[in-house]
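Working notes, beginning with the structure itself.
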Amino acid sequence: MEIQHSAALISGGASGLGAATATALARAGARVTIADVNEAAGAALASALGGSFVKTDVSNEADVEEAVAIAHADPASPLRVAVSCAGIGYAGRIINRDGVPHPLDVFRRLLEVNVIGTFNVMRFAASVIAQAPALEPDGERGVIINTASVAALEGQVGQVAYAAAKGGITAMTLPVARDLSVSGIRVCAIVPGTMDTPLFVRASEEMKAGLAKDVLFPHRMGEASEYAELVMAIVKIPYLNAEILRLDGGIRMAAK
């Protein structure tokens with residue numbers, strides 16, 4: 001799909017995987033809109049990329065609707081790409097060592113941000129992407145890319161909430177791709193493994209090596225730029241649709 005003369009919305013675009021994606025899309029000629037709760041970092045990056053920033057809690061439908069409207073504001077560059085990178089995590093067993101049940105409010109919040117947030121971006125983005133002129137030769141109008149996690153497939157001890165949230169994202173991929181096929185909109189999900197993002201900015205090299213020890217090859221954590229490159233490949237290859245793509249160096253997560 002042609003990226004130039006198109007707009008892209010990146011939720012969670014202020015840092016990490018989202019920031020790398022916003023940068024790659026902008027460099028390819030897209031008009032980017034960053035939707036994030038981090039106003040300072042998001043606004044600074046949007047300014048550097050010549051794009052827009054909208055303070056957005058993806059679990060809030062009014063926030064997402066506003067972000068999509070801003071991303072789609074210029075008729076000369078309609079919204080064609082929506083990438084959901086916004087997400088939160090939590091570690092906790094379903095009962096702790098004292099037998100206390102997992103907090104329901106934490107479980108609910110992970111679903112709100114990760115699943116409902118992704119759903120909000122998909123539904124509002126799709127509603128305007130579907131109005132964009134169809135592109136030759138296949139009639140494509142755009143693509144939606146979501147971010148899951150290997151926890152969705154191989155959840156570890158203490159990842160019940162996170163695995164459920166990321167599993168919801170993978171489960172939505174095929175039905176939404178089927179829903180949107182009539183509009184010429186593709187849907188894929190990326191499943192990252194252990195990625196070296198700002199979450200680990202204070203981590204020692206020893207700790208990072210431990211996180212990467214089960215990666216088959218290359219023997220390191222993944223980089224945000226590699227995630228962005230996969231996003232760009234999905235955008236550019238029209239025949240990639242309804243796929244859940246692992247980006248993990250071949251890792252298969254152990255129980256803990």
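May I ask you to list the residues in the stretch 233-251 that are in a loop (DSSP other than H, G, I, E, B), more than 16 Å from Leu17 (Cα to Cα), at pLDDT 95 or above and in contact with a helix residue (DSSP H, G or I) (Cβ under 8 Å, 6 or more places away or on another chain)? Leu240, Asn241, Ala242, Glu243, listed by residue number.
In this structure, Pro137 does not qualify as of a type outside the set (Phe, Trp, Tyr), part of a helix (DSSP H, G or I), under 23 Å from Pro238 (Cβ atoms) and free of Cβ contacts under 8 Å to residues at least 40 places away in the same chain. Which condition breaks for Ile237 when tested against (1) within 23 Å of Val81 (Cα to Cα); (2) without any contact (Cβ under 8 Å) to a residue 60 or more places away in the chain; (3) surrounded by 15 or more Cβ atoms within 10 Å (Cβ to Cβ)? Going through the list (1) within 23 Å of Val81 (Cα to Cα); (2) without any contact (Cβ under 8 Å) to a residue 60 or more places away in the chain; (3) surrounded by 15 or more Cβ atoms within 10 Å (Cβ to Cβ), Ile237 breaks only (3). For the stretch 66-88, enumerate the residues that are part of a helix (DSSP H, G or I) and surrounded by fewer than 16 Cβ atoms within 10 Å (Cβ to Cβ). Ala69, the sole residue that qualifies. How many residues are surrounded by fewer than 20 Cβ atoms within 10 Å (Cβ to Cβ) and without any contact (Cβ under 8 Å) to a residue 40 or more places away in the chain when one looks only at the stretch 10-36? So the count comes out to 2. Name the one entry in Ala40, Ala91, Ala30, Ala62 that is in contact with a strand residue (DSSP E or B) (Cβ under 9 Å, 6 or more places away or on another chain) and of a type outside the set (Lys, Arg). Exactly one residue qualifies, and that residue is Ala30. Restricting Thr23, Thr33 to residues that are among the polar types (S, T, N, Q) and either in a strand (DSSP E or B) or more than 18 Å from the chain's Cα centre (by Cα) (or both) narrows the list to Thr33.
Looking across the stretch 93-131, the residues that are crowded, with 17+ Cβ neighbours inside 10 Å and in contact (Cβ under 8 Å) with a residue 60 or more places away in the chain come down to Gly117, Thr118, Asn120, Val121, Met122, Phe124, Ala125, Val128. Right, Asp248: closer than 22 Å to Leu110 by Cβ and among the charged types (D, E, K, R) or not? The answer is yes for Asp248. Out of the stretch 142-180, which residues are assigned to a loop (DSSP other than H, G, I, E, B) and surrounded by fewer than 20 Cβ atoms within 10 Å (Cβ to Cβ)? Selection gives Leu153, Glu154, Gly155, Gln156, Val157, Gly158.
With respect to the conditions (1) closer than 21 Å to Gly142 by Cα; (2) buried (at least 21 other Cβ atoms within 10 Å of the Cβ), Ala46 falls short on a single one, namely (1).
The values are calculated or read from the model by the stated rules, or taken from the named source; none is laboratory data. Just so it is clear, the model here is predicted, and its values are computed rather than measured. All Cβ positions, glycine included, derive from the backbone under ideal geometry; neighbour counts span all protein chains shown.
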